[in-house]
């Protein structure tokens, strides 16, 4: 067939002449990416899971009764505080440290993890001033003569050994043992045991934990090995900030881990069973 004069083949073949939108004139790669990044609608269960999450309304701080009781006991005895994560155990330590620093005395704050130690060092430096806070870990040593030292429990225990060998005393009036339940740890528990036993009775101990189940037995042991009365302060039973557990799938769906009755989400259970069958078949045909 002969082309008519002036006929424009390009326009006849233009996708837009067939009604396709300009946005569709993309490569298949771009279209695929658009499909991959679409937002997956969430179920009512997920909406309920995420409901209320955000920055709370600012309100004046008011200490809980258990926090004030712990501070009062620290005036004359050791204290073991057991309370859920997020309920304000660190506030007790911070306020007692503040009282000691204001009166020219000294304190140690110990934790089992370097990351937690670094975090507390920054927190206390912001609170009390960098000149008043030092840090001692296996790979960090700053301002070691400061009135407040933040360090790992192993470093504090080592200082106790050094003081025994050198005939000197550890320069502290209070020692905070954060995560005190590490005493029951099979590999590292002896460090906490030695630190507690070797700490002179003149030094107050403040032990903090969210997971000590036998707190009163723990306190009786402390009294036996140290010869100092140990009070037990129990915080609220439930977490002030509840945990919400979910699983993010490769297709960007978010599934609540548990149902309302506390049992495992059946869809997660099904996906887990499918994964086990897949791995079993793969191993069978190797």
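Throughout, read-outs are computed from the coordinates displayed, never taken from laboratory work. Just so we're clear, the structure is a prediction, and the values are computed from it rather than from any experiment. Here the Cβ is made from the backbone with ideal geometry for all residues, glycine too, and neighbour counts use every protein chain on show.
Between residue 276 and residue 77, the distance separating the two model label sites (each 7 Å from Cα on the Cα→Cβ line) works out to 5.0 nm. Calculated on C-alpha atoms, the gyration radius of segment 244-286 divided by its Kirkwood radius gives an Rg/Rh of 1.11. If you model segment 65-234 as an ellipsoid using its alpha carbon gyration tensor, with each semi-axis the square root of five times an eigenvalue, the axes come out at 22, 19, 16 Å, biggest first.
For the listed peptides 165-175, 102-112, a ranking on the average number of other beta carbons within 10 Å per residue, highest first, reads 102-112, 165-175. Segment residue 241..residue 43, full-extension length gain: 68.9 nm, with 0.36 nm per residue of separation and the alpha-carbon distance subtracted. For segment 73-131, the share of alpha carbon pairs falling in successive 5 Å distance bins from zero is 4, 14, 25, 29, 19, 9, 1 percent.
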